[in-house]
2 protein chains.
Amino acid sequence: MSLPSCDALEAYLHSHIPVSKAMGVMAQSVSPTEVVLAAPLDPNINHKSTVFGGSLGVVATLACWSLVYVNLMELTQSSDIVITHGDISYLRPVNDVFEVSCVCDDPSQWERFFTILKRKGRARITLDATVGEPKDPCVIFSGTFAAIAHR
Amino acid sequence: MSLPSCDALEAYLHSHIPVSKAMGVMAQSVSPTEVVLAAPLDPNINHKSTVFGGSLGVVATLACWSLVYVNLMELTQSSDIVITHGDISYLRPVNDVFEVSCVCDDPSQWERFFTILKRKGRARITLDATVGEPKDPCVIFSGTFAAIAHR
């Protein structure tokens with residue numbers, strides 16, 4: 001199956017996870033090694049007129065989930081993907097429209113994930129996402145996702 | 001200042017953090033030792049027809065934030081409250097309307113928090129929240145919140 005376009009990923013998220021639509025989540029780029037999502041300030045604003053921490057967690061979760069989703073599309077057997085653990089550090093406030101980037105360009109990490117999934121029918125992968133400059137991020141997120149193959 | 005009613009807390013969250021309104025967050029109970037929030041399935045549904053993990057993180061964050069907010073209302077000096085770290089474990093799917101309970105009934109933990117806030121102008125507290133039965137929860141959340149006193 002070919003890689004989804006940004007429009008296709010965004011439409012999938014909006015229709016299956018309506019919170020993403022309410023938050024104005026946009027897909028900015030999609031590849032097998034990186035997914036970048038973005039969201040505007042207004043629907044995600046908090047009492048300090050910065051981005052609500054909960055919204056940052058949601059968009060980071062969706063960016064990582066999407067990168068697993070995109071990679072699993074290459075397999076012939078379909079799987080469910082669920083988050084099992086999330087950890088988020090808020091280092092600095094985010095004041096405006098923001099991008100969340102989830103990168104995983106280590107082929108061995110994907111290879112291990114696919115191998116275990118094919119052998120055991122389920123596998124886990126931990127992915128990181130950041131908001132802001134990767135070397136000086138505002139937010140660092142780490143999420144563990146389980147894929148469960150359909151029988 | 002007196003404790004806010006459930007309606008007052010809910011109205012505050014909906015007006016200052018609009019994501020909480022989009023998610024249908026409701027305040028179920030408010031006391032200095034426990035805040036219980038709830039949210040329906042429909043606006044928080046995911047691709048598996050269960051509650052989206054990101055929504056569970058948002059409502060857990062809001063429950064803990066609200067318990068800090070309620071406790072700080074007792075002080076004469078006002079403070080900002082921001083989340084600095086969150087950790088969430090998803091143990092089982094949540095299939096319907098859900099409640100998130102944040103409990104902190106250890107007086108010494110609040111005492112330490114207030115003392116440091118008064119002395120240094122800022123202090124941190126870590127609070128836990130759960131979804132489901134406390135002894136057998138579906139979701140466990142731990143959040144660290146910083147209070148910064150207005151000068």
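Within the group A:Ser79, A:Ser66, A:Ser108, A:Ser101, which residue is hydroxyl-bearing (Ser, Thr, Tyr) and closer than 20 Å to A:Asp136 by Cα?
Among A:Ser79, A:Ser66, A:Ser108, A:Ser101, only A:Ser101 is hydroxyl-bearing (Ser, Thr, Tyr) and closer than 20 Å to A:Asp136 by Cα.
Go through the range A:24-50 and give me each residue that's of a type in the set (Gly, Ala, Ser), assigned to a loop (DSSP other than H, G, I, E, B) and within 21 Å of A:Arg92 (Cβ to Cβ). The one that is of a type in the set (Gly, Ala, Ser), assigned to a loop (DSSP other than H, G, I, E, B) and within 21 Å of A:Arg92 (Cβ to Cβ): A:Ser49. Restricting attention to the range A:78-125 and to residues that are polar (S, T, N, Q), within 13 Å of chain B (Cβ to nearest Cβ) and in a strand (DSSP E or B), the residue that is nearest to A:Gly54 (Cα to Cα) turns out to be A:Ser89.
Taking the range A:43-58 as the range and being crowded, with 24+ Cβ neighbours inside 10 Å and either more than 18 Å from A:Ser142 (Cβ to Cβ) or more than 8 Å from chain B (Cβ to nearest Cβ) (or both) as the test, the residues that pass are A:Asn44, A:Val51, A:Phe52, A:Leu56. From the list B:Leu67, B:Leu37, B:Leu62, B:Leu75, the one residue that fits, being within 14 Å of another protein chain (Cβ to nearest Cβ), over 25 Å from A:Cys64 (Cα atoms) and surrounded by 14 or more Cβ atoms within 10 Å (Cβ to Cβ), is B:Leu37.
Counting only residues that are surrounded by 15 or more Cβ atoms within 10 Å (Cβ to Cβ) and over 14 Å from A:Phe52 (Cβ atoms), which one in the range B:1-27 is farthest from the other protein chains (Cβ to nearest Cβ)? Ranking the candidates gives B:Cys6 first.
Remark: A:His85 falls outside the filter, which requires a residue to be modelled with pLDDT under 95 and closer than 20 Å to B:Thr144 by Cβ. Check the range A:136-150 and report whether any residue there is within 14 Å of chain B (Cβ to nearest Cβ) and modelled with pLDDT under 95. Among the residues of the range A:136-150, at least one is within 14 Å of chain B (Cβ to nearest Cβ) and modelled with pLDDT under 95, which makes the answer yes. Would it be correct to say that B:Glu10 is at pLDDT 95 or above and in contact with an Asp or Glu (Cβ under 9 Å, 6 or more places away or on another chain)? Here the answer is no, as B:Glu10 does not meet what is asked.
The values are calculated or read from the model by the stated rules, or taken from the named source; none is laboratory data. What you see is a predicted model; the values in this text were computed from it and never measured. Cβ sites come from the backbone with ideal geometry, for glycine too, and all protein chains shown count toward neighbours.
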